[in-house]
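Peer 1: Quick one: the structure is below, and I'll ask about it shortly.
The values are calculated or read from the model by the stated rules, or taken from the named source; none is laboratory data. Every value quoted in this text rests on a predicted model; they were computed, and no experiment measured them. Cβ sites come from the backbone with ideal geometry, for glycine too, and all protein chains shown count toward neighbours. We work out accessible area using only protein heavy atoms, side chains counted, and drop any ligands, DNA or RNA first. Shrake-Rupley method; radii C 1.70, N 1.55, O 1.52, S 1.80 Å.
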Amino acid sequence: MKRVRPKKNLGQHFLTDLGIARRIADTVDACPDIPVLEIGPGMGVMTQFLYPKEREFKCVEIDKESVAYLNDAFPRLRDNIIGDDFLRMDLREVFGGKQFVLTGNYPYDISSQIFFKMLDNKDLIPCCTGMIQREVALRIASEPGNKAYGILSVLIQAWYDTEYLFTVDETVFNPPPKVKSAVIRMTRNGVKELGCDEELFRRVVKTVFNQRRKMLRVSLRQIFNGTVQARPEFFENDMMTMRPEQLTVRQFVELTNLVAREISQ
């Protein structure tokens with residue numbers, strides 16, 4: 001069977017270590033009894049350990065060459081191999097509206113987009129596991145006060161408990177990436193409602209982290225435009241002397257409500 005050629009434009013780095021592939025596949029066991037969707041199976045190094053689990057399984061692959069390989073290598077899965085772009089899919093159609101675990105060896109260049117889509121479908125995805133660039137994994141799992149703490153940290157931790165599971169060396173890939181990788185797991189926390197406008201929450205988080213070295217009283221001015229001016233007393237709040245990396249998720253919720261009240265004045 002002809003092997004798939006890794007394609008640079010798709011960010012393909014095929015995992016070659018079966019032991020690590022099995023360890024990543026087993027991370028989905030923390031959220032049992034619901035279907036699993038694997039993103040970017042490539043030549044199926046993780047797929048071979050995922051599909052025998054006693055649960056519904058599907059995989060989505062954008063690379064036509066990989067889809068053809070998977071159809072030949074896993075003939076029993078042919079009806080469950082989706083040749084599509086995950087970022088464009090309606091996730092409610094994958095398992096008929098049922099919740100599922102998301103997993104995979106995620107392409108580094110779109111991993112953040114994958115997780116933003118996860119957030120948009122958080123009620124469908126109670127658990128997400130997989131391998132990404134180590135730097136991104138550190139950001140996701142980082143706590144306030146850490147330099148890695150940023151936009152992804154806050155937006156994901158608002159809805160998910162995050163775990164940095166283990167580091168993966170670059171030598172176990174073909175071709176080897178230029179950076180180390182890491183395996184993470186994100187599990188939905190008990191939060192049903194943030195207690196603020198969720199769209200404004202995202203906007204506030206992104207705005208202040210885009211000027212992460214500045215105090216909030218400076219970076220937040222970008223929120224207000226020519227038609228909406230903040231009152232001087234708004235910037236006198238004790239929180240305004242803090243920098244974004246110092247705020248917890250709960251404080252970002254409080255900040256969003258402060259901004260919302262100011263906009264409505």
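Peer 1: So, with +1 on the Cβ of K and R and -1 on the Cβ of D and E, and no other charges, what is the size of the charge dipole of the range 16-60 about its Cα centre, to the nearest 20 debye?
Peer 2: Once rounded to the nearest 20, the dipole reads 100 debye.
Peer 1: Can you give the accessible area per residue of the range 106-224, in Å², using a 1.4 Å probe?
Peer 2: Per-residue value: 45 Å².
Peer 1: Shifting gears a bit: Would you tell me the accessible area of ASP90, worked out with a 1.4 angstrom probe on the heavy atoms of the protein chains, in Å² to the nearest 10?
Peer 2: Around 80 Å² of this residue is reachable by solvent.
Peer 1: Note down the relative contact order for the range 113-172 as a percent, whole number, built from C-alpha pairs under 8 angstrom at least six residues apart.
Peer 2: Over the range 113-172, the number comes to 28 percent.
Peer 1: Report, to the nearest whole %, how much of the accessible area of the range 30-128 belongs to carbon and sulfur atoms, 1.4 Å probe, protein only.
Peer 2: Of the solvent-accessible surface of the range 30-128, carbon and sulfur hold 43 percent.
Peer 1: Next question, about the same structure. Determine the calculated [θ] at 222 nm for the chain from helices alone, applying -39500 (n - 2.57) to every DSSP H run no shorter than 4 residues and normalising by the residue count; nearest 500 deg cm²/dmol. The partial results should precede the final answer.
Peer 2: On the way: 9 runs with 79 residues, N = 265.
Rounded to the nearest 500, the figure is -8500 deg cm²/dmol.
Peer 1: Taking 41 Å as R0, compute the FRET efficiency from the Cβ-Cβ separation of ARG203 and ASP33 and round it to 0.05.
Peer 2: Working: r = 37 Å, r/R0 = 0.89.
According to the calculation, E is roughly 0.65.
Peer 1: Can I ask one more? For the chain, list the cysteines whose Cβ sits under 4.7 Å from no other cysteine Cβ?
Peer 2: Isolated Cys, the chain: CYS59, CYS128, CYS196.
Peer 1: Can you give the FRET efficiency for ARG55 and ASN189, using 1/(1 + (r/R0)^6), R0 = 22 Å, r = Cβ-Cβ distance, to the nearest 0.05?
Peer 2: Given R0 = 22 Å and the Cβ-Cβ separation, E is 0.45.
Peer 1: Which cross-chain or sequence-distant (5 or more) residues have an amide H under 5 Å from the amide H of TYR106, H modelled 1.01 Å from N in plane?
Peer 2: Those qualifying (amide H under 5 Å, at least 5 residues apart or on another chain) are MET131.
Peer 1: Moving on. What FRET efficiency comes out for ASP169 versus ARG231 if R0 is 35 angstrom and r is the Cβ-Cβ distance? Round to the nearest 0.05.
Peer 2: The pair ASP169/ARG231 has a calculated efficiency of 0.05.
Peer 1: What does the net charge come to around GLN48 if you take all other residues with beta carbon closer than 12 Å to its beta carbon, with K and R at +1 and D and E at -1?
Peer 2: Net charge around GLN48: +2.
Peer 1: Let me ask something else. Could you give the semi-axes, largest first, of the ellipsoid that matches the range 72-194, computed as the square roots of 5 times the alpha carbon gyration tensor eigenvalues and rounded to whole Å?
Peer 2: Rounded to whole Å, the semi-axes are 24, 22, 11.
Peer 1: Modelling each spin label as a point 7 Å along the Cα-to-Cβ direction, I'd like the ARG3/ASN210 distance in nm, to one decimal.
Peer 2: A separation of 4.4 nm, rounded to one decimal place.
Peer 1: Answer rounded, prolate or oblate for the range 56-110, using the Cα gyration tensor with square roots of eigenvalues a ≥ b ≥ c: rounded when a/c is under 1.5, else prolate when a/b is larger than b/c, else oblate.
Peer 2: Note, shape of the range 56-110 comes out oblate.
Peer 1: Let me ask something else about it. On a full-extension model of 0.36 nm per residue, what is the gain between PHE116 and ARG250, subtracting their alpha-carbon distance, rounded to one decimal in nm?
Peer 2: Additional length available on full extension: 46.3 nm.
Peer 1: Now, a different point. Taking Cα pairs under 8 Å and at least six residues apart, what relative contact order does the chain come out at, in percent?
Peer 2: RCO, the chain: 16 percent.
Peer 1: Still on this structure, I have one more. Mind listing the phi-derived Karplus ³J(HN,Hα) values for the range 252-265, rounded to whole Hz, using 6.51, -1.76 and 1.60 with θ = phi - 60°, and x for any glycine or proline?
Peer 2: The phi angles translate into 5, 5, 4, 4, 4, 5, 4, 5, 4, 5, 5, 5, 7, 5 Hz.
Peer 1: Quick check: net charge around ASN121, other residues with Cβ under 14 Å of its Cβ, Lys/Arg +1 and Asp/Glu -1? Could you put the intermediate results ahead of the total?
Peer 2: Details: positive: ARG88, ARG92, LYS98, LYS117, LYS122, ARG188; negative: ASP90, GLU93, ASP120, ASP123, GLU198.
Summing Lys and Arg as +1 and Asp and Glu as -1 gives +1.
Peer 1: What is the percent carbon and sulfur in the accessible area of the range 143-265, measuring with a 1.4 Å probe over the protein chains and ignoring ligands?
Peer 2: On the way: 3030 of 6620 Å².
So the carbon and sulfur contribution to the accessible surface is 46 percent.
Peer 1: Moving on. Net charge within 10 Å of GLN229 by Cβ-Cβ distance, Lys/Arg positive one each and Asp/Glu negative one each, not counting GLN229 itself?
Peer 2: Working: positive: ARG221, ARG231; negative: GLU262.
Once all neighbours under 10 Å are counted, the net charge is +1.
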